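The values are calculated or read from the model by the stated rules, or taken from the named source; none is laboratory data. Given the structure is predicted, the values throughout are model-derived calculations rather than measurements. Methodologically, a virtual Cβ is constructed for each residue, glycine included, from the backbone with ideal geometry; neighbour enumeration extends over all protein chains shown. Protein only, heavy atoms only, side chains kept; ligands, DNA and RNA dropped before computing areas. Shrake-Rupley method; radii C 1.70, N 1.55, O 1.52, S 1.80 Å.
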Amino acid sequence: MNAPSAATVGFSPEEVDFSLSTRKARLKWVVVVNADLPPGRAANAAICAAAPTVTAVPGLLGADATDEEGTIHPGLPWAGCSVLVADSATLRTIRAKAASRTDTFMADVPAAAQSTRVYSDFVAAVGETRTEDMDYCAVSIVGPRNPVDKIVGKLPLMP
């Protein structure tokens with residue numbers, strides 16, 4: 001996995017500006033999902049890739065919003081998050097590029113996550129597979145806008 005800690009990839013408190021367009025934020029967040037997955041598994045993979053990203057990268061979520069009746073709606077990604085699709089080989093390449101950079105955070109969802117029901121079985125399956133032989137359901141990447149754009153190229157949005 002890539003070396004940066006959460007302290008090196010994220011928004012500092014003074015950078016968080018809820019009035020900015022998502023295109024003006026310093027960091028870009030993308031989740032790339034395997035295009036061959038059926039819709040339910042694709043949604044599962046995107047959510048599973050996003051979960052560790054939100055907990056590891058400071059400043060991704062905006063403040064809670066309160067509606068007219070006082071009901072609180074938890075904060076969403078203020079800088080946006082694009083969900084893209086790629087074929088399996090491209091997804092593996094994207095993961096490798098993101099993992100090689102020290103200025104990005106990367107979380108992946110190995111295919112074993114969707115073929116096991118017990119977490120220790122998942123860990124064992126991953127432990128028996130070489131990185132270059134791993135198949136992925138999704139990859140989440142946060143980093144500076146230009147490098148992230150170069151990593152993902154012109155991938156389409158998930159339909």
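One table, with the values for the structure above:
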| quantity | calculated |
| --- | --- |
| Residue match in the stretch 73-80 (condition: without any contact (Cβ under 8 Å) to a residue 60 or more places away in the chain and assigned to a helix (DSSP H, G or I)) | no |
| Residue within the stretch 48-61 that is in contact with an Asp or Glu (Cβ under 8 Å, 6 or more places away or on another chain) and assigned to a helix (DSSP H, G or I) present | yes |
| Test: residue in the stretch 43-62 that is more than 16 Å from the chain's Cα centre (by Cα) and surrounded by fewer than 18 Cβ atoms within 10 Å (Cβ to Cβ) | yes |
| Residues (under 22 Å from residue 43 (Cβ atoms) and either of a type in the set (Ser, Thr, Tyr) or open to solvent by 40 Å² or more (accessible area, probe 1.4 Å) (or both)) located in the stretch 133-154 | 135, 136, 140 |
| Residue check, residue 17 touching an Asp or Glu at 6+ places or on another chain (Cβ under 8 Å), open to solvent by 20 Å² or more (accessible area, probe 1.4 Å) and assigned to a loop (DSSP other than H, G, I, E, B) | no |
| In the stretch 112-132, residue nearest to residue 41 (Cα to Cα) [restricted to those that are open to solvent by 50 Å² or more (accessible area, probe 1.4 Å), among the hydroxyl-bearing types (Ser, Thr, Tyr) and not in a helix (DSSP H, G or I)] | 115 |
| Any hit, the stretch 25-42, residues being open to solvent by 50 Å² or more (accessible area, probe 1.4 Å) and β-branched (Val, Ile, Thr) | no |
| Some residue of the stretch 107-118 being among the β-branched types (Val, Ile, Thr), in contact (Cβ under 8 Å) with a residue 60 or more places away in the chain and over 21 Å from residue 54 (Cα atoms) | no |
| Members of the stretch 83-96 found to be closer than 23 Å to residue 26 by Cβ and either surrounded by fewer than 16 Cβ atoms within 10 Å (Cβ to Cβ) or not basic (Lys, Arg) (or both), listed by number | 83, 84, 94 |
| Pair list, Cβ < 9 Å and 6+ apart or interchain, from the stretch 85-96 residues that are part of a helix (DSSP H, G or I) to residues that are hydroxyl-bearing (Ser, Thr, Tyr) and open to solvent by 60 Å² or more (accessible area, probe 1.4 Å) | 95/131; 96/131 |
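Residues are listed down the side, and each one gets a yes or a no for (1) closer than 26 Å to residue 27 by Cβ; (2) in contact with a strand residue (DSSP E or B) (Cβ under 7 Å, 6 or more places away or on another chain):
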residue: 106; (1), (2): yes, yes
residue: 113; (1), (2): yes, yes
residue: 119; (1), (2): no, no
residue: 122; (1), (2): no, no
residue: 132; (1), (2): no, no
residue: 138; (1), (2): yes, yes
residue: 143; (1), (2): yes, yes
residue: 146; (1), (2): yes, no
residue: 150; (1), (2): yes, no
